[in-house]
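The values are calculated or read from the model by the stated rules, or taken from the named source; none is laboratory data. Values in this document were obtained by computation on a predicted structure and should not be read as measured data. Because the Cβ atoms are built from the backbone with ideal geometry, glycine has one as well, and the counts that use them run over all protein chains shown.
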Amino acid sequence: MNYLRTAMLLAGLTALFMGVGYLIGGQGGAMIAFFVAAAMNFISYWNADRLVLSMHGAQEVDAASAPDLVAMVRELAGRAGLPIPRVYLMDNPQPNAFATGRNPQHAAVAVTTGLLQRMSREELAGVLAHELAHIRNHDTLIMTITATIAGAISMLAQFGMFFGGNRDNNNGGTGLLGTLAMVILAPIAAMLVQMAISRTREYAADDMGARIAGRPEGLASALAKLDAAAHAIPNDDAERNPATAHLFIVNPLSGQRMDNLFSTHPATENRIAALQQLASEMNKGGITAPRTARHVPAGPWNRRPAGPWG
């Protein structure tokens, strides 16, 4: 089903891309936009994860450079029944994280330095498990492709300001209206596509991630901290690339600019309430998380004895 949705998304965004091209250059612009979109679709499928990681300055780490973090990802991936994803670190004070990749065999998890500094061990495990749930649910393909193509559409729409609308149209007023429509509607259309694929997906990843980690309370506490920090600590890379905002576990945008239209996350308080309900059900029913290892190593974020899930 995710592959069908991905195909429909690519077709829809290609049509939108061609529409923007037509407003800029008429039929010739539409044809150019079609070929550019076709090339982008191909590149996005195979390389979108690398493009997104590059946008946020993510650097790959391993067991030698980040042993505690990699060990925790390995443990949680085992619980989730997933191949061990590549692990990336972003030098960014805002605590946040995202997953990317076209399938579980080619997946990556990226976290910020701010996340490691501000989260407890249980909270960090909840965040990582949430991202692994996206990988297990095959969400990352459509998430990453949407980010790259929607971002390209937004940039193309901005170019219309310099081209003055449809060059084949001699009516200056109509050309101006076309330019305004292009600049305003194209990013909104891309945003609506993102909203359509994002909100229920976050609830599902919260639920599965909490079960993987075994502690819904840890993820709920992390979400509260992440939401508060996102409003107080700017994420400059995300502000420069707002079309990637839906990738993150919480919206990384400040909301101080028009790019906050790319906010696609459900309300954090609603996500926390759902996790609290899940915790209550797990406690009453004696549900436990799948366990494939005996211990999740403590990291520098919080060196304390292992809890009931470790």
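Here are a few things to note about the model shown:
- Qualifying residue in segment 105-116 (condition: outside any strand (DSSP E or B), in contact with a Phe, Trp or Tyr (Cβ under 8 Å, 6 or more places away or on another chain), modelled with pLDDT of 95 or more and surrounded by fewer than 24 Cβ atoms within 10 Å (Cβ to Cβ)): yes
- Segment 80-105, residues that are under 28 Å from D227 (Cβ atoms), β-branched (V, I, T) and without any contact (Cβ under 8 Å) to a residue 60 or more places away in the chain: V87
- On inspection, A38 fails the criterion of being modelled with pLDDT of 95 or more and either of a type in the set (G, A, S) or in contact with a Gly (Cβ under 6 Å, 6 or more places away or on another chain) (or both).
- From the options G209, G255, G172, residue that is over 15 Å from P95 (Cα atoms) and at pLDDT below 60: G172
- From the list A108, A77, A64, the one residue that fits, being of a type in the set (A, V, I, L, M, F, W, C) and free of Cβ contacts under 8 Å to residues at least 24 places away in the same chain, is A64.
- D49 meets all of the listed conditions (1) touching a His at 6+ places or on another chain (Cβ under 8 Å); (2) over 13 Å from T144 (Cβ atoms); (3) not aliphatic (A, V, I, L, M) but one, namely (2).
- Residues in segment 15-28 that are in contact with a Phe, Trp or Tyr (Cβ under 8 Å, 6 or more places away or on another chain) and free of Cβ contacts under 8 Å to residues at least 40 places away in the same chain: M18 only.
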